[in-house]
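Below you'll find the structure, written out as structure tokens, and then a few comments.
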């Protein structure tokens with residue numbers, strides 16, 4: 001079985017995408033049009049592994065992942081879809097869908113590749129995202145001990161179901 005990443009176009013057809021480490025050129029593309037400049041100090045943190053999802057040369061999404069060896073989990077520090085597919089920016093008519101699920105699946109893959117159980121944690125930056133993570137990804141709210149965004153765990157059967165979506169022979 002092989003990890004075969006994909007997203008959906010406006011007709012809800014599966015479109016294969018490639019995933020590779022983010023390049024400086026990828027980060028530069030985010031400076032003016034994206035919600036977040038991926039050249040920021042926070043996203044330049046060397047502890048973060050950054051990946052780009054692309055359709056040919058079109059940059060679809062970026063994700064920043066932190067390997068937390070002591071916790072045996074991958075922390076999805078940040079992920080973002082291109083402006084044309086970002087619910088905050090696309091005016092309700094996304095060019096592509098399924099991007100968030102794909103970037104979570106990549107975190108699950110990194111967890112497995114690092115010898116963990118496929119568990120990932122991530123923060124919900126908005127109430128809408130929190131509901132989305134719970135409803136669509138089976139995320140479980142974790143206790144927080146400080147004033148921060150709600151933190152969620154995607155593990156066990158929920159992680160398995162997401163990951164299996166992208167496996168094929």
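The values are calculated or read from the model by the stated rules, or taken from the named source; none is laboratory data. Source: prediction; values computed, not measured. No Cβ is skipped: glycine too gets one built from the backbone with ideal geometry, and neighbour counts run over all protein chains shown.
Here are some notes:
- Inside segment 137-154, residues that are under 16 Å from residue 71 (Cβ atoms) and either under 15 Å from the mean Cα position of the chain (by Cα) or assigned to a strand (DSSP E or B) (or both) make up a count of 5.
- Some residue of segment 23-33 being closer than 17 Å to residue 75 by Cα, out of contact with any helix residue (DSSP H, G or I) (no Cβ under 7 Å at 6 or more places or on another chain), surrounded by 12 or more Cβ atoms within 10 Å (Cβ to Cβ) and at pLDDT below 95: no
- With respect to (1) crowded, with 22+ Cβ neighbours inside 10 Å; (2) more than 23 Å from residue 34 (Cβ to Cβ); (3) in contact (Cβ under 8 Å) with a residue 24 or more places away in the chain, the lone exception for residue 117 is condition (1).
- Test: residue in segment 96-104 that is part of a helix (DSSP H, G or I), without any contact (Cβ under 8 Å) to a residue 24 or more places away in the chain and surrounded by fewer than 22 Cβ atoms within 10 Å (Cβ to Cβ): no
- All of 131, 125 fail the test of being out of contact with any strand residue (DSSP E or B) (no Cβ under 6 Å at 6 or more places or on another chain), more than 20 Å from residue 4 (Cα to Cα) and part of a helix (DSSP H, G or I), apart from 131.
- Considering residues of segment 34-57 that are over 17 Å from the mean Cα position of the chain (by Cα) and exposed (fewer than 12 other Cβ atoms within 10 Å of the Cβ) only, the residue nearest to residue 167 (Cα to Cα): 56
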